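The values are calculated or read from the model by the stated rules, or taken from the named source; none is laboratory data. Bear in mind the structure is a predicted one, so any value in this text is a computation, not a measurement. All Cβ positions, even for glycine, are placed from backbone atoms using ideal geometry, and neighbour counts span all protein chains on display. To get the accessible areas, we keep the full protein, side chains included, count just its heavy atoms, and leave off ligands, DNA and RNA. Shrake-Rupley method; radii C 1.70, N 1.55, O 1.52, S 1.80 Å.
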Amino acid sequence: DAKTTQPTSMDCAEGRAANLPCNHSTISGNEYVYWYRQIHSQGPQYIIHGLKNNETNEMASLIITEDRKSSTLILPHATLRDTAVYYCIVRGTDSWGKLQFGAGTQVVVTP
Amino acid sequence: EAQVTQNPRYLITVTGKKLTVTCSQNMNHEYMSWYRQDPGLGLRQIYYSMNVEVTDKGDVPEGYKVSRKEKRNFPLILESPSPNQTSLYFCASSLLWTGNTEAFFGQGTRLTVV
């Protein structure tokens with residue numbers, strides 16, 4: 001699976017959009033981009049995933065660049081409950097189901 | 001409610017005393033797996049199962065056993081726990097093992113081996 005690079009941490013003001021970048025320059029054609037988050041030692045929570053097209057759900061939007069070498073997770077209106085570690089993971093069909101977690105980005109939403 | 005349930009949530013045990021951490025999912029998922037999380041090392045996969053009676057090693061399988069006799073259950077067995085297995089454990093399940101399905105995680109089991 002392709003490796004990902006994320007900033008170590010970022011702050012966001014409550015009510016503002018949070019834009020979380022992720023680089024995955026070695027991604028291959030059959031690999032999906034996944035985002036999970038983990039709130040203080042709870043089980044990781046799925047947010048969104050995509051292959052090529054931008055995706056949106058009730059939690060977030062995922063913007064994937066045309067060359068697929070990077071992506072951005074957007075939390076449209078951050079709340080204090082969005083404070084968590086966010087993981088960007090690239091996973092292919094040959095990963096045998098494994099999610100390769102990196103260090104993630106610690107996002108702190110402040111009032 | 002769709003969920004992955006782990007028990008117990010917290011466990012303190014002594015070296016060498018066999019223990020089992022249970023994991024159950026109610027979503028009829030084929031794929032289940034176990035991860036451990038340690039400071040500075042992140043989440044690492046221990047074992048996984050692609051279906052009933054089909055299991056395989058993940059990245060850190062030493063000291064652990066698993067079984068998948070029923071689709072919904074995937075217990076993690078520590079035959080002779082050691083202090084280096086003190087960790088936060090997560091069970092996860094997904095519909096399939098391929099790259100287009102989301103994983104659901106349990107709430108975690110914090111294990112301390114003294």
Discussion item. Can you give me the C-alpha center-to-center distance between the range A:8-46 and the range B:1-27, rounded to a whole angstrom?
Written reply: 27 Å
Practice prompt. Calculate the spin-label point distance for B:Glu70 paired with A:Asp11, positioning each point 7 Å from the Cα along the beta-carbon direction, and give it in nanometres.
Written response: 5.1 nm
Discussion item. What does the C-alpha gyration tensor say about the overall shape of the range A:43-111? Classify as rounded when a/c is under 1.5, otherwise prolate if a/b is larger than b/c, or oblate.
Written reply: oblate
Discussion item. Exceeding 27 Å between C-alpha atoms, which entries from my cross-link table qualify? They are A:Lys98/B:Lys65; A:Lys52/B:Lys65; A:Lys3/B:Lys17; B:Lys18/B:Lys57.
Written reply: A:Lys52/B:Lys65; A:Lys3/B:Lys17
Practice prompt. Report relative contact order for chain A in percent, whole number only (criteria: Cα-Cα under 8 Å, sequence separation at least 6).
Written response: 37 percent
Item to complete: Largest first and to the nearest Å, give the Cα extent of the range B:8-61 along each principal axis.
Response: 33, 24, 19
Practice prompt. Choose one answer from A:Tyr87, A:Tyr36, A:Tyr46: the residue with the largest mean-square fluctuation in a GNM of chain A with alpha-carbon springs under 10 Å.
Written response: A:Tyr46
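Pop the C-beta distance of A:Asn30 and B:Glu1 into the FRET formula with R0 = 30 Å and round what comes out to the nearest 0.05. List each step's numbers first, then the result.
Numbers: r = 33 Å, r/R0 = 1.09.
For A:Asn30 and B:Glu1, the calculated efficiency is 0.40.
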Worksheet item: Given q = 0.17, 0.22 Å⁻¹, what are the Debye log10 I(q)/I(0) values for chain B, with equal point scatterers placed on the Cα positions and solvent ignored?
Response: -0.75, -1.24
Practice prompt. Take the solvent-accessible surface of the protein heavy atoms, probe 1.4 Å, and return the percent of it on the range A:31-109 that carbon and sulfur atoms account for.
Written response: 50 percent
Worksheet item: What accessible area per residue comes out for chain B, rounded to a whole number of Å², with a 1.4 Å probe?
Response: 47 Å²
Worksheet item: Accessible area per residue, 1.4 Å probe, Å², for chain A: what's the number?
Response: 50 Å²
Item to complete: Run the numbers on the range B:1-64 and let me know its relative contact order in percent, using alpha-carbon pairs under 8 Å that are six or more apart.
Response: 23 percent
Item to complete: Classify the range B:44-95 as rounded, prolate or oblate from the Cα gyration tensor: take a ≥ b ≥ c as the square roots of its eigenvalues, call it rounded if a/c is under 1.5, otherwise prolate when a/b beats b/c and oblate if not.
Response: prolate
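For chain B, which whole-number percentage of the solvent-accessible area (1.4 Å probe, protein heavy atoms only) is attributable to carbon and sulfur atoms?
On chain B, the fraction of accessible area on carbon and sulfur atoms equals 52 percent.
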Worksheet item: What's the buried accessible area, both sides, between B and A using a 1.4 Å probe, rounded to 100 Å²?
Response: 1900 Å²
Practice prompt. Under 1.5 on a/c is rounded, so check that first for the protein assembly as shown, then, if it is not, pick prolate when a/b is larger than b/c and oblate when it is not; a ≥ b ≥ c are the square roots of the alpha carbon gyration tensor eigenvalues.
Written response: prolate
Practice prompt. With +1 on each Lys and Arg Cβ and -1 on each Asp and Glu Cβ, and nothing else charged, work out how big the dipole of the range B:1-102 is about its Cα centre, in Debye to the nearest 20.
Written response: 320 debye
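Could you work out the relative contact order of the range B:10-113, using alpha carbon pairs under 8 angstrom and six or more residues apart, expressed as a whole percent?
Details: 252 pairs, mean separation 36.9, N = 104.
This gives 35 percent for the range B:10-113.
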Item to complete: Give, rounded to the nearest 20 debye, the magnitude of the charge dipole that the protein assembly as shown has about its Cα centre when Lys and Arg contribute +1 at Cβ and Asp and Glu contribute -1 at Cβ.
Response: 580 debye
Worksheet item: Under the Karplus relation 6.51 cos²θ - 1.76 cosθ + 1.60, θ = phi - 60°, what is the ordered set of whole-Hz ³J(HN,Hα) values for the range A:3-12, x standing for Gly and Pro?
Response: 7, 10, 10, 10, x, 5, 8, 7, 10, 8
